[in-house]
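Below you'll find the structure, written out as structure tokens, and then a few comments.
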Amino acid sequence: MKRTGWSAGVAAALALMGAATAARADWLKAESERFIVYSEGSERSLRDYVQKLETFDRVMRYRSGLPMNEAPPRKLPIYLVGSRAGLLRVHPQTAPNVVGTYFPTAEDIFAVAIRGENEEVLLHEYVHHFMWASAAAAYPGWFVEGFAEYYMTADVTDDEVKLGGYSDNRAYWLFNGTWLPLEVLLRTRPGEVTRSSHRETYYPVAWLMTHWFLSDPERSRQLGAYLTDVAAGGDPVEAMEAATGLSLNELRSELRKYMMGRRLLIRTLRSDFPVANIVVTRLPKSANDLLLINQRLKIGVPDEDRAALGQEVARIAARHGDDSLALLAAGHAGMHFGDRPAGERALQRLIELEPDNVEALQFLAQERLRRADETENDTERMTLKREARLYLGRAYAAAENDYRTLMLIAEWRSGEPGYPNENDMLTLGLAFDRAPQLAEVRLSYAAALIETEDKDEAIRVLGPLANNPHGGGAADLAARMIAALESGEAMPALDEPIIDDDSSVQPPAPPEAPPESPPVPAGE
């Protein structure tokens, strides 16, 4: 009997331990001065990863002539997943060879990557993110990518940072591929290169030319002259030949000699930056079910999948009761993909529990603005806009730097008498300052600048977007807007459909098509 009782006691204890383990979320959240990183891995590896990111950011600031201790107005969220399944949970259309993706969307700007799977690719994307925030010039696509390629191989350790290393993948194509003509490199974006024999070498040649320029002070000055000329509208081929004093054939020969010399300049910087203050917390158990799918709700869902996704989220969220992530996901999915009344109830319950939940307040305001736009009843429209204003006022009071709140305030004002007034321009300018990576923000701000006759500033805002190597339809629209401003012709409509290119991170093996991403210039 004693043995039976002992066995029963052990079984009960094991059952309790199992229940405790099941109730504990696998997801950790690490927040530092510049990043918010989510991971299912160990706390030690997460802290090490965030410290590396913080050091890398400071190196970028130092090399770009920016204050090293200056924090961005918005921290970048990064989701580290354990396998490809995690990527598909966020973005089911992820291509087979992609190991991570950067998502600049209206509802969030974040990145997702497979943990421990080629860290270079996420650094490449971060250089793009950093460049959008710190550089105002309209850099040519090859330099945008070459600059990111140059910095993505940074070797960051506790004591030092080495810059200028090469990627095995890029080296493979430089030695074994057929280089695309330099004229093609200078005049086109990566996605516009159609010949398969050229696509594979766009990134490697862009990296090599960037490395060649940055390895010598005089060539760095030539690069600055070239970039200034192109940003001012100069022909990219003529600007390159004028800056270097070389024909394209001569430049190609110089690049080949530089590569074959195998003496690429590696710069070593002391990594004596202060240790980052990193706060790690364990997320509630709802994160296991909803953290990634909640991000999927933010990036756009094909029409044929919307109803099923809304039902799936509602079903999962119901298991977690009044958990805040569950209520937020249910509210978001209901409002956008399914049962709007149910979504309204979930969000109202959330702000009852958390009156300052910014995302819930934004979704409630957005729903009022949608209904106000659709109604033909003036009284109902005014009531809905008044309700939207109240929600936005609460969201702004809770987090005045949130770019989405600022954009919704601008949307609330759009179409009203006197729009855009001075306060509207301030609102749009603040949104642009906090989310310069987002095409929608640039286009809206530029349109308002055009309305106020500030065409030069509008061109400055649109330039980087027009030259974005993966800007897709948004880049094309920005380029047409600039052309219209310069020629005095009619401005293209801003309500045209915009299809952005995917900013996916590819693996290091020789690909059939080059990896994608976006950059920034640094002084030598």
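Listed by first and then second residue, the pairs linking a residue in the stretch 91-107 that is in contact (Cβ under 8 Å) with a residue 60 or more places away in the chain to a residue that is open to solvent by 50 Å² or more (accessible area, probe 1.4 Å), with Cβ atoms under 6 Å apart and 6 or more places separating them unless they lie on different chains, are 94/88; 99/117; 106/440.
Taken over the stretch 251-267, the criterion of being surrounded by fewer than 13 Cβ atoms within 10 Å (Cβ to Cβ) and over 33 Å from the mean Cα position of the chain (by Cα) is satisfied by 253, 257, 260, 261, 262, 263.
Name the single residue, out of those in the stretch 269-314 being part of a loop (DSSP other than H, G, I, E, B) and in contact with a His (Cβ under 7 Å, 6 or more places away or on another chain), that is surrounded by the fewest Cβ atoms within 10 Å (Cβ to Cβ).
Looking only at the stretch 269-314, we keep the residues that are part of a loop (DSSP other than H, G, I, E, B), and these are 271-278, 283-285, 297-302.
Next cut, in contact with a His (Cβ under 7 Å, 6 or more places away or on another chain) only: 297, 299.
Values: 297: 23, 299: 18.
The qualifying residue surrounded by the fewest Cβ atoms within 10 Å (Cβ to Cβ) is 299.
Name the single residue, out of those in the stretch 155-189 being of a type in the set (A, V, I, L, M, F, W, C) and farther than 23 Å from residue 240 by Cβ, that is farthest from the chain's Cα centre (by Cα). Give the steps one after another, and end with the answer.
Our first condition is that a residue be of a type in the set (A, V, I, L, M, F, W, C); within the stretch 155-189, this holds for 156, 161, 163, 171, 173-175, 179-180, 182, 184-186.
From the residues that got through so far, the ones that are farther than 23 Å from residue 240 by Cβ too are 156, 161, 163, 171, 175.
Details: 156: 22, 161: 24, 163: 23, 171: 27, 175: 32 Å.
Among those residues, the one meeting the criterion is 175.
Within the stretch 194-250, being assigned to a helix (DSSP H, G or I), loosely packed, with under 14 Cβ neighbours inside 10 Å and among the polar types (S, T, N, Q) holds for 196, 197, 228, 249.
Applying the criterion of being out of contact with any Phe, Trp or Tyr (no Cβ under 8 Å at 6 or more places or on another chain) and either more than 22 Å from residue 146 (Cβ to Cβ) or not in a helix (DSSP H, G or I) (or both) to the residues of the stretch 459-468, the residue that is least open to solvent (accessible area, probe 1.4 Å) is 462.
What are the residues in the stretch 315-339 that are at pLDDT 95 or above, part of a helix (DSSP H, G or I) and open to solvent by 40 Å² or more (accessible area, probe 1.4 Å), if any? Listed by number, the residues that qualify are 315, 318, 324. Each residue in the stretch 237-260 was checked for being closer than 29 Å to residue 62 by Cα and at pLDDT below 95, and 2 of them qualify. Residues in the stretch 377-432 that are open to solvent by 50 Å² or more (accessible area, probe 1.4 Å) and among the charged types (D, E, K, R): 378, 380, 381, 386, 387, 389, 394, 400, 411, 416, 422.
Give me a count of the residues in the stretch 474-492 that are part of a helix (DSSP H, G or I) and in contact (Cβ under 8 Å) with a residue 12 or more places away in the chain.
Initially, the stretch 474-492 is screened for residues part of a helix (DSSP H, G or I), giving 474-487.
The next check asks that each one be in contact (Cβ under 8 Å) with a residue 12 or more places away in the chain; those that pass are 474-475, 477-482, 485-486.
Qualifying residue count, the stretch 474-492: 10.
The set of residues in the stretch 148-193 that are assigned to a strand (DSSP E or B) and touching a residue at least 40 places away in the same chain (Cβ under 8 Å) comprises 156, 160, 161, 162, 163.
Take residues that are among the hydrophobic types (A, V, I, L, M, F, W, C) and surrounded by 19 or more Cβ atoms within 10 Å (Cβ to Cβ) and tell me which of the strands (runs of 3 or more DSSP E) falling wholly in the stretch 71-147 contain 2 or more.
Working: elements: 76-81, 100-104, 109-114.
Output list reads 76-81, 109-114.
Selection over the stretch 350-376 of residues that are of a type outside the set (S, T, N, Q), buried (at least 17 other Cβ atoms within 10 Å of the Cβ) and under 19 Å from residue 324 (Cα atoms) gives a count of 9.
The values are calculated or read from the model by the stated rules, or taken from the named source; none is laboratory data. Please read all numbers here as calculations on a predicted model, not as lab measurements. Every residue, glycine among them, receives a Cβ derived from its backbone with ideal geometry; neighbour counts consider all protein chains shown. Surface areas here come from the heavy atoms of the whole protein model, side chains and all, with no ligands, DNA or RNA. Shrake-Rupley method; radii C 1.70, N 1.55, O 1.52, S 1.80 Å.
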